[in-house]
Amino acid sequence: MAFRRVKEEDLEIIEDIRSNEGIAVRSGEERQKHRIKVPKKIKINFLKVNRKYKCDTPLTPTHLLEADLKTVKGTADSPGDSEVERQKRKHEMKVSDKIKNVFFRKRQKNSKTCETSSGIKIVELNLKNLDFIGNLDQNVVEDEEHPSGSTEAASAEDEENEIFRLSVGIHDSSSEDNQETLKSDLTSVLQGKAQDQCWNEVAVDECPIWSPEKCRQVKTQLKIVVEERMKNADEKENKADKLSTYLKREVCRMGKQVQKDLLRVVRNLRECYPPDFDICGTYAQLYHQAFSTRLQVLARSKISFEDCLYILSWIVDYYPNDVLKHKELEEHINSSSLGPLLPEEDLKRLEEQYLTYKENEVRMWLLTALEKEEKKWSDGILPKQMDEYYYGNLAVDVVQLVDGTLRGVKAQLRCENKAYCLLNQLDGFLTSYRKSLEELVKRKQKHIRKTLCANLVDIHQFRDYVQKPEHPFSEDTRAACLSTLADLKNICHKYFLSRIQTNLKPLYCKVCTQVWFARHSEVVEELVKALENNNDSFKELKPDCREELLAELHVEVMIEYVTQMMKRKLKLKDKEQQEAAAEFICDDNKKICSVFAKVGSREEWLCQILPKLSEILRLQELQNLRLEITTLARDYPDISEQHVFALLNMKTNFSSPDVCWIEECLSESRGTLDTESSTSFFSKVVIEQDTNLYEQKRARGPL
């Protein structure tokens, strides 16, 4: 800083600026407006120099600056200098150029006469141009450290020029050559921060119009620059010109412009601004707002699915990941403070449009897949075979389609749970699949057995997919799908098992008859051989499908066996016959279970039923018999009194009152039984009995 004392008597009026200096001669009235009071000869004592300027010769308080405005020459004198040396240090400058630079760079305006007070004026000098006009060009701020409401300290025009130069610098900041100029202009504007603290202590009406706090328009200029760059972003330059729709090109060019400009800010402009200005965050916020504003306009128009998907892709993926989390930008930008690109209502509408489209798309894909499968059936095309068993591709294709779509939709939506509604389409597909399979069985088409073998593989794969907990079906959808899949499996099983049962029915009829009792070994061996032959015919089934089918066959064989027992075709008169029959039943049980164990049946609980029934035939004492029947009812809650009556009816040495007493004991104990199993078996055993006989025996009651 340098100080200068100005006396009123030393001032003279510069009458005008001649046209030979580059400015037209003005009229007397107009000249009067532009007269500037300056001293004829100014002597300046340099007490302090702005630290950003350098001078080759150290200055002392005795160094003087002499400016002769008539000759427009400035001379810096120091004690001991010769006249020749002083002449060498003279600096010539055209007054008109400097005046033009200060007053006419932004626009030609009338300037106000600025009168100096008789007090001391503080002037900041730029030592690059040690002349008075050079100081005018630097827009020096006088008396700002000691503001006074009664004295107007500087011209508002100077502040406007300063802001104008700054705006030009900001607009031209894309060029590396202009970045030093920008840095200098920013320093000039932002250095008023300390003086703003002084003005805070002055009344509002006394605060000058040129206060730096009021004139600081850096962010406003930045916003203008950002909006212009976003508006004028080039499609070809941002590689958006080859996209198929206008909306895609518009979103792409703006999004790429945001990334490109933010990278330029971080790489080049960041150092031009003070650290506390947070220029990276400021630019990021301005670009975010400009991008968001344009996106809202586009999103609220009537757009296609492709455009909807493209906007969502930018919002969910490209913008947060490729732009904000770019490796060069992430550490300089706080993306969490920017907010969403679209308001909630706009984003929700886009997500609903996208999700509805994907639901319809998946539904059509599934129906197409089923139609292709039906055509294979009708054309009699054999399914593929691998390792001696047949398999289909329907489940694989459908699961991949649903899974792939689900992953894609989850990636486009903020809430993943919304995507899971796509799984509801699987329920409708399985229902259609069941109808198609029922029609196939009715038509009895060529290769139907092999086709059903392949479909069982598909059904198992569908069931595994639905049952897995990582596939988040709703409880209702999961239950509905599993129920439909159970129906599909039963359609296939029924086709296979019905034919086996038709072959076994003549053999069942011999069980627990007089023929069976007389030639037991022969009857049971015939049954076992028939079971083994039928089991071998299922080698075309995939192993896990075959095990499940044969397990169901095991259940049906045991049901048929027990049903034959309770038809009362065999009458056991005494203890010896009853014990013999019990032994035959246990032997049959071992052989039957052995056959199914060989083919992989794991229904071990079935092997306990016949031994327990044979024990009832063997026991003779009523109390022991009642205890055994009570235990049987505990293990198999679905056994009825009619089942018990049919079983006891084989023991002809038991009276009707004895049978009724045991039944009544069973009825009384059912309420206190702690059932250990919910296995259903006896409910599948259908008894064809003489109801009248049963009621008559119950009417007699116990003895």
Summing Lys, Arg as +1 and Asp, Glu as -1, what charge do residues with Cβ under 9 Å from the Cβ of residue 471 carry, residue 471 excluded? 0
Under 5 Å between amide H atoms, partner at least 5 residues away or on a different chain: which partners does residue 681 have, H built in plane at 1.01 Å? 638
Would you mind getting me the FRET efficiency between residue 653 and residue 449? Use the beta-carbon distance for r and R0 = 41 Å, nearest 0.05. 0.25
What are the residues whose amide H is under 5 Å from the amide H of residue 390, where those residues sit 5 or more places off or on another chain and H is modelled from the backbone? 542
With every protein chain in place, the accessible area of residue 442 for a 1.4 Å probe, in Å² rounded to the nearest 10, comes to 150
Pick out, from 472, 462, 508, the residue whose Cα sits farthest towards the positive end of the charge dipole of the stretch 443-524, with +1 on the Cβ of Lys and Arg and -1 on the Cβ of Asp and Glu. 508
Backbone HN-Hα couplings from phi across the stretch 648-656 [Karplus 6.51/-1.76/1.60, Hz, Gly and Pro as x]: 5, 5, 6, 8, 6, 7, 9, 7, 4
Please work out how much length the chain gains when fully extended from residue 387 to residue 268, using 0.36 nm per residue of separation minus the C-alpha to C-alpha distance, in nm with one decimal. 36.1 nm
Could you order 377, 605 by accessible surface area, starting with the largest, using a probe radius of 1.4 Å? 605, 377
Hey, if we sort 584, 462 by accessible area with the 1.4 Å probe, largest down, what's the order? 584, 462
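Counting only protein heavy atoms, what percent of the accessible surface of the stretch 277-375 is carbon or sulfur at a 1.4 Å probe?
The value for the stretch 277-375 is 50 percent carbon and sulfur by accessible area.
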Accessible area (Å², 1.4 Å probe, nearest 10) - residue 429: 10
Residue-level accessible surface for residue 405, protein heavy atoms, 1.4 Å, Å²: 10
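The values are calculated or read from the model by the stated rules, or taken from the named source; none is laboratory data. The shown structure was predicted, so the numbers you read here are calculated from the model rather than taken from an experiment. Heads up, the Cβs are rebuilt from the backbone with ideal geometry, glycines too, and the neighbour counts pull from every protein chain shown. Just the protein is used for accessible areas: all its heavy atoms, side chains included, with ligands, DNA and RNA removed. Shrake-Rupley method; radii C 1.70, N 1.55, O 1.52, S 1.80 Å.
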